[in-house]
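Participant: Here it is, the structure, as C-alpha cells.
The values are calculated or read from the model by the stated rules, or taken from the named source; none is laboratory data. No experiment lies behind these values; they were computed from the predicted model shown. As a convention, Cβ positions derive from the backbone with ideal geometry for all residues, glycine included, and neighbour counts pool all protein chains shown. Calculation scope for accessible area: heavy atoms of the full protein, side chains included, ligands and nucleic acids excluded. Shrake-Rupley method; radii C 1.70, N 1.55, O 1.52, S 1.80 Å.
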Amino acid sequence: GRREEVTVLQQSPKRSKGALGAAEGANHAVASQLRTTRLALLRRYPGHKFGPQSRLAPWMVRHAGWLMTRFQLKASGRTAYSAKRGREYTREILEFAEQTLFYVSEATGNGASVGKLMPRWHLGVWVGKTEQTDEHLALTADGVKKARSVRRIVDADRWKPSVLDAVRGLPWNP
C-alpha cells in the first residue's frame, strides 16, 4: 500500500554543494569508485581509454553502486546489504571486465533448449551481478548473458583486448 509519511520537497541554494550533504557524499563515493575501477582497467587493458563514451562506462557506474551497497560501511558500522539482509555479502565476485567462462544451462532464459551436445561454458567479460538473483553478468558479442556459475581462466588469458573489443550490451538494453 501507500506509505503514511509525507514527502517534503526542499530547494537548495544554487551552486551550494554543502547544502546537499549526504547526496554529495554519495556522489563523491561513486566517483571515487569509478576512478579506481578505471585505473585498474587502464592497467589491465593498455591502450584503451575507458572514458565516458566507453561501452563499459554504464556498467562501471552500475557496478560501483552494487559494490558500495555490499561493501561500504555506513556510520552504523554495517553495510547497506547487511542492514537489509541481516548478514554480510560473501558470494564470489570477479574483477570488473575480467574475461571468464560462464555456464549456460540446457534451458535458456527464453525457454528454448541449447541442445545436449552444445558447449555449456562460454567466454565473456564479467561486468557484475544481478541485484535480485545474484547471477553473474557477462558481456559477449551477442549481448549480456546471465549465469549462475563462472570459471576463472588463467591470468594470461583474462585480459585480451580482442575479446573486450567484440562485446556489446548495455545495462538498460541487454
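Participant: Assuming residue 62 fulfils every condition listed in (1) in contact with a helix residue (DSSP H, G or I) (Cβ under 6 Å, 6 or more places away or on another chain); (2) at pLDDT 95 or above; (3) closer than 19 Å to residue 29 by Cα apart from one, which condition is it?
Facilitator: The one condition residue 62 does not meet is (1).
Participant: Tell me which residues, restricted to segment 145-174, are open to solvent by 60 Å² or more (accessible area, probe 1.4 Å), closer than 23 Å to residue 105 by Cβ and assigned to a loop (DSSP other than H, G, I, E, B).
Facilitator: Across segment 145-174, the qualifying residues are 148, 174.
Participant: Considering only residues that are touching a residue at least 12 places away in the same chain (Cβ under 8 Å), of a type outside the set (A, V, I, L, M, F, W, C) and open to solvent by 40 Å² or more (accessible area, probe 1.4 Å), which ones fall in segment 18-72?
Facilitator: 33, 38, 44, 47, 48, 55, 62, 69, 72
Participant: Looking at 53, 10, 33, can you tell me which residue is within 20 Å of residue 170 (Cα to Cα), of a type outside the set (A, V, I, L, M) and part of a loop (DSSP other than H, G, I, E, B)?
Facilitator: 53
Participant: Mind listing just one residue for me: the one in segment 73-83 that is part of a loop (DSSP other than H, G, I, E, B) and not β-branched (Val, Ile, Thr) and, of those, surrounded by the most Cβ atoms within 10 Å (Cβ to Cβ)?
Facilitator: Going through the qualifying residues, I end up with 78.
Participant: Only one of these conditions is not met by residue 97: (1) closer than 27 Å to residue 42 by Cα; (2) free of Cβ contacts under 8 Å to residues at least 24 places away in the same chain; (3) under 18 Å from the mean Cα position of the chain (by Cα). Which number is it?
Facilitator: Tallying (1) closer than 27 Å to residue 42 by Cα; (2) free of Cβ contacts under 8 Å to residues at least 24 places away in the same chain; (3) under 18 Å from the mean Cα position of the chain (by Cα), residue 97 fails exactly one: (2).
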